[in-house]
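Trainee: My structure is below; once you've seen it, I'll send some questions.
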């Protein structure tokens, strides 16, 4: 949008609210300065005042600060609510995949196609791929050897 303003493709920018233009007061004021330097008039439908004068710009700055504070409070309330829900034992986000993972792996390794396995277990092809990848990653992890099974340990008399 600012690139189009620099190219003089429009004369007026109309937004519903000041907080829809930018997320922080600093960015908002920078955008206003750039629009002003490009001779683009800024109009906010919710905050109906003239932005061409110093008083209008001061009001816009105040509105931008309040919008930024409102956004920060909303984020804080959401995070607090999620923490409370977790503390109460509720699931946050998407429900865990309820499928027999071993059967999915066995079916895929037996030669069934991704689509066949996905249809059989009523999951997506992406879920089948993810389960296969997880199984490969966990099987590649090194298995720690027990002291009694290590040749160096038995030779040194450790674990006997």
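Values quoted throughout were computed directly from the atomic coordinates according to the rules given, and no laboratory measurement underlies them. Everything numeric here is computed off the predicted structure, so don't read it as measured data. For neighbour counting, all protein chains shown are included, and Cβ atoms are generated from backbone atoms with ideal geometry for every residue, glycine included.
Trainee: Remind me, relative contact order of the stretch 101-140 in percent, using alpha carbon pairs under 8 angstrom and six or more residues apart?
Mentor: Across the stretch 101-140, relative contact order equals 38 percent.
Trainee: Can you tell me how much longer the chain between residue 62 and residue 1 gets when fully stretched, taken as 0.36 nm per residue apart minus their C-alpha distance, in nm with one decimal? Mind dumping the intermediate values first?
Mentor: On the way: separation 61, 0.36 × 61 = 21.96 nm, distance 2.35 nm.
Extra length from residue 62 to residue 1 when fully extended: 19.6 nm.
Trainee: Fewest first, what order do 59, 42, 10 take by the number of other Cβ atoms within 10 Å?
Mentor: Details: 59 16, 42 19, 10 13.
Lowest to highest Cβ neighbour count: 10, 59, 42.
Trainee: Sorting 23, 77 on the 10 Å Cβ count, fewest up front, what's the list?
Mentor: Numbers: 23 13, 77 10.
So the ranking, lowest neighbour count to highest, is 77, 23.
Trainee: Continuing with the same structure: Please give the contour-minus-distance gain from residue 139 to residue 26: 0.36 nm per residue of separation, less the Cα-Cα distance, rounded to one decimal in nm. Display every interim value, and only then the final one.
Mentor: Numbers: separation 113, 0.36 × 113 = 40.68 nm, distance 5.03 nm.
35.6 nm is the gain from fully extending residue 139 to residue 26.
Trainee: Continuing with the same structure: Where does each of 115, 25 land when they are ranked from fewest to most other beta-carbon atoms within 10 angstrom? Walk me through the intermediate numbers first.
Mentor: Values: 115 10, 25 20.
Taking fewest neighbouring Cβ atoms as first place, the list is 115, 25.
Trainee: What are the principal axis extents of the Cα atoms in the stretch 63-136, in Å, biggest first?
Mentor: 62, 30, 22 Å, listed from the longest principal axis down.
Trainee: Using just the C-alpha positions of the stretch 1-95 as equal point scatterers, what log10 of I(q)/I(0) does the Debye formula give at each q in 0.12, 0.15 1/Å?
Mentor: -0.50, -0.64
Trainee: Would you work out the Kirkwood radius for the stretch 101-140? I mean one over the mean of 1/r across all pairs of different Cα atoms, in Å. Don't jump to the answer; show the numbers that get you there.
Mentor: Numbers: mean 1/r = 0.1016 Å⁻¹.
Across the stretch 101-140, the inverse of the average 1/r is 9.8 Å.
Trainee: Given R₀ = 30 Å, FRET efficiency for residue 92-residue 71 by Cβ-Cβ distance, to 0.05?
Mentor: Values: r = 21 Å, r/R0 = 0.70.
The value I calculate is 0.90.
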